[in-house]
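Q: Got a structure here, written out as structure tokens. Questions coming.
The numbers here are math on the coordinates, done by the rules we state, and not lab data. As the structure is a computational prediction, the values presented were derived from the model and not from experiment. Note: ideal-geometry Cβ built from the backbone for every residue, glycine included; neighbour counts use all protein chains shown.
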Amino acid sequence: MHFYVRKRRTTPAVIIVALIDVLIVLVIFLLVTTTFKQQAALKVQLPDSSQSKKAGANENPPFVVTINTNGVYFVDKTPVTFDQLKDQLKSAVSKNPEVVLAINADENAPWGKVVKIRDAAADAKIKSLVAFTRQPAKQ
């Protein structure tokens, strides 16, 4: 009788180092080909002003109210009504009496909306009011 000796097969091995190298190459490829472009949430065309200043780091950030072309008020990129805006201004003053109100209005926004914000700021006892502008194009 002749018996056959069974040979044990070695289990296939996965080479982890090669897989890691391939994954790193894929990640690098994705990072290089991806474009990181930030888009503004609100498109506002600021008016030109020769007195405009560059925005810089400020210790006390202003309370920003944005008015688009249609005359809609925005606070932190969320639309608000005028009554909600007045309440938010009063609560901002109660938290910080030295708060600065910054108006970010489109150049085609209704002027009456800007005046209403100024009146609401006066009612809320805001002492400092600024408006965002852009520098005129150099000719």
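Q: Condition first: of a type in the set (Gly, Ala, Ser) and not in a helix (DSSP H, G or I). Now tell me which residues in the range 8-35 satisfy that.
A: Result: ALA13, single match.
Q: For the range 59-101, which positions are free of Cβ contacts under 8 Å to residues at least 12 places away in the same chain, in a strand (DSSP E or B) and surrounded by 11 or more Cβ atoms within 10 Å (Cβ to Cβ)?
A: Residues satisfying the conditions are PRO79, VAL80.
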